[in-house]
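Only one structure is covered here, and it is reproduced in the block below.
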Amino acid sequence: MQIALNSNHCLYRCPTHRLLQLQPFLLPCSTAFRFPTLRPLHCRSMVLSPPSVQVRDSIDLTPKETQIFQKLLQVVRHFSLRTQLRVAGGWVRDKLLGKECYDIDIALDDMLGREFCEKVNDYLSCTGEEKQGIGVIQCNPDQSKHLETARMRLFDEWIDFVNLRSEDYSENSRIPTMRFGTAEEDAYRRDLTINSLFYNINTSSVEDFTGRGIEDLKSGKIATPLPPKDTFLDDPLRVLRAIRFGARFGFILDEELKLAAGCDDVRAAIADKISRERIGHEIDLMISGNEPVKAMTYICDLLLFPIVFSLPPDVKPAISEECDRLCIDYIDAGWNLIQLIGSSTFNDEQRRLYLYASLFLPFRKTLYKGGKARKIPVVNHIIRNALKLRASDADMVVSIHCAVEKFISLIPFIESSESIQISEAEWGIEILDLPVTSKLRILTGLLLREIKGFWRVALMASTLLYPDDINHTQDISKNNFQLDKRRKVFEMVENAIVRLGLEEVWELKPLVNGKDIMNVLQLKSGGPLVRDWQQKQIQWQLAHPSGTAEECLDWMRQKRAKRE
């Protein structure tokens with residue numbers, strides 16, 4: 001079915017951002033993470049005046065897209081092929097929304113992608129042009145890649161080629177049986193109506209075989225081509241994709257889709273049929289996207305939080321049934337704070353891990369028993385095992401949480417410049433007996449050396465907990481005022497660190513090497529004692545930023561003499 005588009009506007013609906021609920025995570029705890037019934041949608045899902053976006057009348061091709069499509073049509077005509085060339089999915093959607101898209105997927109109705117790529121190379125040879133390499137991406141069901149895709153480069157752009165297909169699912173697997181299909185069958189087997197559109201290169205027209213793709217694009221709706229429960233039971237990953245696209249474009253989730261996504265059968269299918277790697281990939285795209293709070297709110301509203309962020313058994317302290325809401329409150333506050341301070345404060349990776357750290361702040365002191373009865377942070381389990389993200393991601397988020405606790409103990413010290421008690425056991429170090437001003441520089445410097453370039457991330461996360469006198473029942477304007485207070489705390493501590501000359505203190509090199517320390521201590525070999533003095537030396541250097549190596553050695557000799 002070919003259709004003409006009009007210039008109606010599509011309406012966005014986006015959740016409001018209810019601000020701060022920032023009390024420390026000390027709630028009455030139950031022994032389980034249970035969600036017995038579907039709860040009313042979170043207040044962030046309330047609808048205000050929805051913005052609108054214009055759906056274009058037609059697709060305007062860039063010069064490069066025109067070159068690519070003309071070349072492909074020349075191949076079809078040269079070999080007298082009956083092949084219909086269609087651009088599928090996201091490229092069509094984005095072009096209709098007036099967005100640039102460089103991800104061109106060509107769907108073929110009568111041959112495999114590899115076969116058509118070979119035809120393209122044959123044509124290039126005939127016209128005296130350089131042949132292009134063909135990459136074949138084999139099907140990989142575990143990575144949601146159900147059909148072979150061929151890839152080649154044309155006019156410096158990578159183009160994917162795949163045949164139209166139909167899918168049949170068995171009851172206990174999300175991996176379908178594939179077969180060649182018609183364009184209509186291919187459209188209906190797609191995840192969402194807004195992703196089911198085609199641009200027919202042969203006829204230069206948009207095709208909407210479900211009859212709903214354009215309509216849902218205009219109305220800003222996330223819906224499935226087939227009944228949503230059947231669609232989700234066939235491939236539960238589509239639930240997370242629906243959430244991601246809904247958040248990304250600010251579209252509303254269809255009511256029938258929400259009921260299906262939150263039902264017990266679909267939630268069980270998500271837990272049983274989707275690999276943790278695929279869940280983690282979708283979550284990571286949401287966190288890295290333009291509306292991470294909205295995406296996490298949808299996950300919470302649809303009762304998917306304990307399934308997506310699966311926890312190990314027997315965690316201590318036990319998890320509150322409402323902790324998913326508290327997690328959303330923290331990432332919401334964290335997101336608003338970074339917007340207030342300025343998103344340029346962090347690079348993309350820092351922003352990403354900051355949002356994970358904010359989301360999981362309620363779990364920062366929650367532990368479980370790992371191998372050999374070791375106590376391991378639950379956040380480590382969530383990131384490594386539930387989401388299957390990098391081990392370095394888990395390590396950094398745990399490090400941020402540890403730094404948060406230390407920043408909270410330092411902030412009053414920095415605010416008042418008065419002596420306060422610091423728990424050496426909490427910091428895990430023996431703090432040298434030095435004046436208050438030196439102790440501040442030592443503790444701050446040691447903390448920054450631990451967290452390195454992520455110290456601003458940890459500092460901002462700590463301001464979500466400090467000060468802790470927020471009354472979250474107040475209205476929006478009050479909460480905005482208190483969010484501004486947190487911004488001032490961040491800027492005050494940041495400026496103090498810069499004044500102390502510590503913003504890159506992890507680059508500080510020891511003045512004295514291990515051999516010289518051994519000579520001072522009259523040791524014949526290295527070991528724990530030398531390492532202990534190396535740590536003391538760093539403290540001395542932090543307390544004496546202009547000190548020399550000889551002065552440091554004199555200090556070591558004096559300390560050794562006193563101990564003897």
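The values are calculated or read from the model by the stated rules, or taken from the named source; none is laboratory data. From a predicted model like this one, the values you see are computed outputs, not experimental measurements. Using ideal geometry, Cβ is built from the backbone for each residue, glycine included, and neighbour counts are taken over all protein chains shown. To get the accessible areas, we keep the full protein, side chains included, count just its heavy atoms, and leave off ligands, DNA and RNA. Shrake-Rupley method; radii C 1.70, N 1.55, O 1.52, S 1.80 Å.
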Being among the aliphatic types (A, V, I, L, M) and either touching a strand residue (DSSP E or B) at 6+ places or on another chain (Cβ under 7 Å) or buried (at least 18 other Cβ atoms within 10 Å of the Cβ) (or both) is the requirement here; does A357 meet it? yes
Result of the Cβ filter at 6 Å on the stretch 51-78, keeping first residues that are modelled with pLDDT of 95 or more and partners that are open to solvent by less than 70 Å² (accessible area, probe 1.4 Å) and assigned to a loop (DSSP other than H, G, I, E, B), at least 6 apart or interchain, is F69/I201; V76/T83
Note: among L192, L124, L164, L147, just one is modelled with pLDDT of 95 or more and under 32 Å from the mean Cα position of the chain (by Cα), namely L192
Residues being in contact with a strand residue (DSSP E or B) (Cβ under 9 Å, 6 or more places away or on another chain) and open to solvent by less than 10 Å² (accessible area, probe 1.4 Å): count how many of those fall in the stretch 302-314. 1
Tell me, yes or no, whether the stretch 237-246 has at least one residue that is closer than 18 Å to A223 by Cα, open to solvent by 10 Å² or more (accessible area, probe 1.4 Å) and free of Cβ contacts under 8 Å to residues at least 12 places away in the same chain. no
Consider only pairs whose beta carbons are under 7 Å apart and that are at least six residues apart or on different chains; among these, list those whose first residue lies in the stretch 194-222 and is over 25 Å from D109 (Cα atoms) and whose second residue is of a type in the set (S, T, Y) and crowded, with 20+ Cβ neighbours inside 10 Å. D216/T193
State all residues of the stretch 208-236 that are open to solvent by 10 Å² or more (accessible area, probe 1.4 Å) and part of a strand (DSSP E or B); if no residue qualifies, say none. K221
Selected residue (criterion: nearest to the chain's Cα centre (by Cα)) from residues of the stretch 514-525 that are outside any helix (DSSP H, G or I) and loosely packed, with under 14 Cβ neighbours inside 10 Å: S525
For the list (1) at pLDDT 95 or above; (2) open to solvent by less than 20 Å² (accessible area, probe 1.4 Å); (3) not aliphatic (A, V, I, L, M), I need the number of the one condition that Q537 fails. (1)
K119 fails exactly one of the following numbered conditions: (1) touching a helix residue (DSSP H, G or I) at 6+ places or on another chain (Cβ under 7 Å); (2) in a loop (DSSP other than H, G, I, E, B). What is the number of that condition? (2)
For the stretch 247-272, give me each residue that is closer than 25 Å to G90 by Cα, of a type in the set (K, R) and open to solvent by less than 40 Å² (accessible area, probe 1.4 Å). K258
Being under 19 Å from S196 (Cα atoms), aromatic (F, W, Y) and assigned to a helix (DSSP H, G or I), is that true of even one residue in the stretch 55-77? no
